[in-house]
Amino acid sequence: MENKTKPAAGKSRWPRALITVAVVVGALALLLSQLPRGAFSTDLSGIGQGTPALVVARDKNYLAGGEVMDLINSIRPEYEGRVVFLAAHLGHPDGQAFARRHGMDDAVVVVFDADGSPAARLVIPQTAEELRAALNVVDTH
């Protein structure tokens, strides 16, 4: 009886190896895309505590919120220490309630002044300049 576990003479194992590597790389990419982007606290009690706050609504089932978080992270060093960066997690009851109160869906950004009043609202901002303009509405000095 013939051993069927060995490849026939002349058949290469490279296609199988390449497919295996492609599957593993794809799985890793999927896992990495689900990791949190930057350090956005979900403790929304920091709003109105004397420092302006930028809040982004994030639903991990959609891509836009993650992309907006990446955009926020691109300007974050310019405002670090002067603005609190927060996320309203739409998969959590507190985040859902906050989002309902402020009319937020995934990727919507609301900037609050130091007293906690909404000062600017952006629906899926596309550029860092949009974020800067919204942050410049509040006193960040």
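The values are calculated or read from the model by the stated rules, or taken from the named source; none is laboratory data. Quantities reported herein were computed from a predicted structural model and do not represent experimental measurements. Ideal geometry is used to build each Cβ from the backbone, glycine not excepted, and the neighbour counts take in all protein chains shown. SASA here: full protein model, heavy atoms, side chains in, ligands and nucleic acids out. Shrake-Rupley method; radii C 1.70, N 1.55, O 1.52, S 1.80 Å.
Some notes on this structure:
- Taking the conditions (1) of a type in the set (D, E, K, R); (2) part of a loop (DSSP other than H, G, I, E, B); (3) within 19 Å of the chain's Cα centre (by Cα) in turn, Asp115 satisfies each one other than (3).
- Members of the range 119-141 found to be part of a loop (DSSP other than H, G, I, E, B) and either of a type in the set (Val, Ile, Thr) or buried (at least 18 other Cβ atoms within 10 Å of the Cβ) (or both), listed by number: Ile124, Pro125, Thr127, Val137, Val138, Thr140
- Some residue of the range 12-34 being assigned to a loop (DSSP other than H, G, I, E, B), at pLDDT 65 or above, farther than 21 Å from Ala64 by Cα and out of contact with any His (no Cβ under 8 Å at 6 or more places or on another chain): yes
- Restricting the range 36-59 to residues that are in a helix (DSSP H, G or I) and in contact (Cβ under 8 Å) with a residue 24 or more places away in the chain, the residue that is surrounded by the most Cβ atoms within 10 Å (Cβ to Cβ): Leu44
- Taking the conditions (1) open to solvent by less than 100 Å² (accessible area, probe 1.4 Å); (2) modelled with pLDDT of 85 or more; (3) of a type in the set (Ser, Thr, Tyr) in turn, Tyr62 satisfies each one other than (1).
- The range 73-83, subset free of Cβ contacts under 8 Å to residues at least 40 places away in the same chain and not in a helix (DSSP H, G or I), residue least open to solvent (accessible area, probe 1.4 Å): Gly81
- Within the range 88-118, the only residue that satisfies the criterion of being charged (D, E, K, R), farther than 18 Å from Arg132 by Cβ and buried (at least 16 other Cβ atoms within 10 Å of the Cβ) is Asp106.
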